[in-house]
1. Do the conditions hold for Asp102, that is, is it open to solvent by 60 Å² or more (accessible area, probe 1.4 Å) and either modelled with pLDDT of 70 or more or not basic (Lys, Arg) (or both)?
2. For segment 108-134, how many residues are within 18 Å of the chain's Cα centre (by Cα) and surrounded by 15 or more Cβ atoms within 10 Å (Cβ to Cβ)?
3. In this structure, is Leu68 surrounded by 17 or more Cβ atoms within 10 Å (Cβ to Cβ) and closer than 14 Å to Asn124 by Cα?
4. Can you name every residue in segment 67-81 that is free of Cβ contacts under 8 Å to residues at least 40 places away in the same chain and of a type in the set (Val, Ile, Thr)?
5. Which residue out of Ile88, Ile76, Ile51 is in contact with a Ser or Thr (Cβ under 6 Å, 6 or more places away or on another chain) and either exposed (fewer than 15 other Cβ atoms within 10 Å of the Cβ) or under 12 Å from Val122 (Cα atoms) (or both)?
6. Cβ-Cβ below 7 Å, separation at least six or inter-chain, first residue in segment 7-36 and at pLDDT below 75, second not in a helix (DSSP H, G or I): which pairs?
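The values are calculated or read from the model by the stated rules, or taken from the named source; none is laboratory data. The model shown is predicted, which means the values in this text are computed figures rather than measured ones. Here Cβ is always computed from backbone atoms with ideal geometry, including for glycine, and neighbour counts include all displayed protein chains. To get the accessible areas, we keep the full protein, side chains included, count just its heavy atoms, and leave off ligands, DNA and RNA. Shrake-Rupley method; radii C 1.70, N 1.55, O 1.52, S 1.80 Å.
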Amino acid sequence: SEANRDINVRKQRLDVEGGQSLSEIRAANEAADKQAAAAASFAVQTTKEGILAADSKFPPLPSSVDSLKTYVTAQIVDYLGEEEKTLIDFIMKELAKAGGCDTSSMLDEMKMVLDEDAEDFVVNLYHKMVESNGSE
């Protein structure tokens, strides 16, 4: 119809930065939204209760596993007074599990060794892993 032709004539071409098509821009925006949602899911779990919830998992291991192992070693020495290689290896193995390690199962394991310090250890370890993942 005449009205549609008039509207189409008046439409201006959008000048998009970098010559990207609208579908490319939309795909980039959706990818950014997914990243923000993933970051938000970890951010929600910053409270002690959120981290220790039954369905909470540790973030994925950072690529710099050595710094995390150094941190775990220092924490175990701080809590127990000596370096327990078997315990440190166990913790690192649990954190490396495919699909992630449940924070509640790690807490249960650590309670046997660290007693009342287990919750603080797990919460601090969780925060360290989030920090390590964010600094990559």
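1. Taking the combined requirement at face value, the residue does not satisfy it.
2. 10
3. yes
4. Thr70, Thr73, Ile76, Val77
5. So the residue among Ile88, Ile76, Ile51 that is in contact with a Ser or Thr (Cβ under 6 Å, 6 or more places away or on another chain) and either exposed (fewer than 15 other Cβ atoms within 10 Å of the Cβ) or under 12 Å from Val122 (Cα atoms) (or both) is Ile51.
6. none
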